[in-house]
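What follows is a single structure, written as structure tokens, with notes after it.
The values are calculated or read from the model by the stated rules, or taken from the named source; none is laboratory data. The structure presented is a predicted model; accordingly, all values stated were derived computationally and were not measured. Please note: Cβ atoms are built from the backbone with ideal geometry, for glycine as well, and neighbour counts cover all protein chains shown. Heads up: the accessible areas ignore ligands, DNA and RNA and are worked out on the full protein's heavy atoms, side chains in. Shrake-Rupley method; radii C 1.70, N 1.55, O 1.52, S 1.80 Å.
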Amino acid sequence: MANVLRNSAKFGFSGVLSQLSIHSRHGRVCVSPCFSLQQRNNSTSPKIKVDLDSSTGVAVLRMQSPPVNSLSLDFLTEFCINLEKLEMDRSCRGLIITSTLSKVFSAGLDIMEMYGKSPERCGEFWKAVQEMWLKLYGSNMATIAAINGSSPAGGCLMSIGCDYRIMADNPRYSIGLNETQLGIVAPFWFKDTLVNTVGNRAAELSLELGLLYSAPDALKIGLVDQLVPEDQVLSTAQDTMSKWLAVPDHARQITKSMMRKQTIDKLLSNREADITNFVSFITKDSIQRSLRMYLEMLKSRKA
């Protein structure tokens, strides 16, 4: 499958949208922050590290932007550039995405990118979110998320954009699209990706309740494919990748395209309308008030 946005502009965005912990028999439902408000990491050090093993054709992309791999402008720019380079490298057939940070894969989208910003800035931000998903979900490479920590909201979107998900077997780690807990509605392409992963009913419950699932519960509903001890997440991903690459590339890629093309094309044909809808929604006074209250709650807890 061709890279769906090879010639489109690159945008970045920042992230930590997902700070709620949830506890119920379906997942985790109590409203309490599980991460502190992201402090901007202005370091010029690389936020992404890529190692490509030319003998196996497998690249490991390590997210290394402390404290929680926030999907910032710089981070996403690096992410997309590195993904593009690997996509163009004919020797690279498989990609494993993981984190160098303790207890977190990626904490998701930064509320500050949606709070107090101009409509133009909000539109640029949302186009960047679209860009990340389109590049990853439409990749030619076999992709595995090696989830070695919590992965809420934007981190979950990144995970389900991959072909296969291996998560650390730790009940304290959570994953899910919990946007409704913040008064935000997940867009249709988030919904479609989740439905493609777990089925309609599980996706409906997940999205309406804004559930974050513990690792064992995520396995039960099919949000992740495998649980392994935390120190074996990456090695298991590498072993699993060998099975994916045993399939001839053209057959795997065409099959992947058949499964995902309709979902990708739906966003491509409605991209501008999706941006307009997001900007209209996120700039409403009521939504801005909700985000302000949430930010104040996070800051008070940190204090």
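A few remarks follow.
- Its DSSP H runs of at least 4 residues, each contributing -39,500 (n - 2.57), put the calculated 222 nm mean residue ellipticity of the chain at -14000 deg cm²/dmol, to the nearest 500.
- Nearest-ten-degree value, helix 271-282 long axis tilted from longest Cα axis of the chain: 30
- Overall dimensions of the chain by Cα: Rg and Dmax, Å: 17.9, 55
- Per-peptide packing, taken as the mean over residues of other Cβ atoms within 10 Å, places 185-196, 262-273 in the sequence 185-196, 262-273 from highest down.
- Between helix 200-209 and the chain: long-axis angle, C-alpha atoms, 0 to 90°, nearest 10: 30
- On Cα atoms only, tilt of 285-302 relative to the major axis of the chain in degrees: 80
- Three-way shape label, the range 92-218, alpha-carbon gyration tensor, a/c 1.5: rounded
- Here r is the Cβ-Cβ distance between ALA273 and ARG201 and R0 is 30 Å; the resulting FRET efficiency, rounded to 0.05, is 0.65.
- If you take all other residues with their beta carbon under 9 Å from the beta carbon of ARG62, and give Lys and Arg +1 and Asp and Glu -1, the sum is 0.
- The distance between label points at ASP89 and SER54 comes to 1.0 nm (points 7 Å beyond Cα on the Cα→Cβ vector).
- Shown for the range 49-301: the carbon plus sulfur share of the solvent-accessible area, taken with all protein chains present and a 1.4 angstrom probe, equals 53%.
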